[in-house]
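Quick notes on the structure that follows.
The values are calculated or read from the model by the stated rules, or taken from the named source; none is laboratory data. Predicted model only: the values in this text are computed from it and were never measured. Backbone-built Cβ (ideal geometry, glycine too); neighbour counts: all protein chains shown.
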Amino acid sequence: MTMGNRGWNADYAYLRRVVLGRSRNVLHPARDYLFEARLARLVRKCGLNDLRELVEHMRRTGDGELEAAVADAMTVNETSFFRDLRPFELLRKELLPALIAARHRTRMLRLWSAGCSTGQEAYSVAMLIREDFHSLQGWKVQVEGSDISNEVVERAKAGTYERLEVNRGLPARYLTRYFDRTVERWKVKPAIRAMCSFRQMNLCEVPLPFHQRFDVILMRNVMLYFEPPVRRAVMAEARRLLAPDGVLFMGATEQPPEMEMWKAEIVNGACFFRPVKR
């Protein structure tokens, strides 16, 4: 191994430590190749020539904002409207009707998209409710979205999407009913945006700043790169924030680390979890 290779390995190890410290995401060395592409814009923004200069600058200055920007850039933000349709169909046909019946006195429904990225999941839920549950007019329906990346949260707040983004998973009737066309983009209509709110938040910084419980939590493909102790802490917080009769959705390959605290249910190929009563 050459001295140059050893230098690069040290730089990549430093960047992995920064990401771990800021987001608790564990990046395997096999994914080091992603740094070059995902940090290219940040390198240019800092007026630097390449990734090595960025690392040298970070080591020298200890710039906390820059470290946070690196962690943001390396966060996986893959999303689309109605991604994996099965949970949405299950919400529409069975889970939401049951929750609505149980909430007839409070007339309030709260849902949380954790790791919301640019907002498609939260807006998908809001559109589904608007489309299929007309009885909720006059209810207080809140869809919260949170993500560690401030950049994607700002995009979610704007609710503006490129043609390619609205072509991924969004039914044509939803596009015409719930979006306004701009020159080259589509913007979520005010009535749907009013149902949703978004905030920058690190799931690992518990307790989380929510003051009311949620009826539905969507935490799908969020914890793939967390270490086991972090997963346990995040799931304990999710359990605290979920209503006793609420439901939790995770990614298709995920499950809570402490299954004795959760009851898994599978309906029509979609898996969700309920908190076990203590």
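A few points about this structure:
- Given (1) in contact with a Gly (Cβ under 6 Å, 6 or more places away or on another chain); (2) modelled with pLDDT of 90 or more, number of the condition P244 does not satisfy: (1)
- Of all residues in the stretch 129-164, those that are more than 18 Å from the chain's Cα centre (by Cα) and either touching a residue at least 40 places away in the same chain (Cβ under 8 Å) or more than 15 Å from T79 (Cα to Cα) (or both) total 13.
- Scan the stretch 247-265 for residues that are without any contact (Cβ under 8 Å) to a residue 24 or more places away in the chain, aliphatic (A, V, I, L, M) and either under 16 Å from A98 (Cα atoms) or in a helix (DSSP H, G or I) (or both) and the total you get is 1.
- When the residues of the stretch 13-31 are filtered to those that are of a type outside the set (A, V, I, L, M, F, W, C) and over 17 Å from V222 (Cα atoms), the one that is modelled with the lowest pLDDT is R31.
- Any hit, the stretch 65-81, residues being at pLDDT 90 or above and either surrounded by 17 or more Cβ atoms within 10 Å (Cβ to Cβ) or farther than 22 Å from S117 by Cβ (or both): yes
- Test set (1) farther than 29 Å from E162 by Cβ; (2) touching a Ser or Thr at 6+ places or on another chain (Cβ under 6 Å) - T75 fails condition number: (1)
- Any hit, the stretch 53-63, residues being at pLDDT 90 or above, under 28 Å from the mean Cα position of the chain (by Cα) and surrounded by 17 or more Cβ atoms within 10 Å (Cβ to Cβ): yes
- When residues of the stretch 113-156 are limited to those that are under 22 Å from R213 (Cα atoms) and among the basic types (K, R), the one surrounded by the fewest Cβ atoms within 10 Å (Cβ to Cβ): K140
- P256 within 26 Å of R17 (Cα to Cα) and under 18 Å from the mean Cα position of the chain (by Cα): yes
- Taken together, the residues in the stretch 179-200 that are within 15 Å of V143 (Cα to Cα) and either in contact with a Ser or Thr (Cβ under 7 Å, 6 or more places away or on another chain) or hydrophobic (A, V, I, L, M, F, W, C) (or both) amount to 8.
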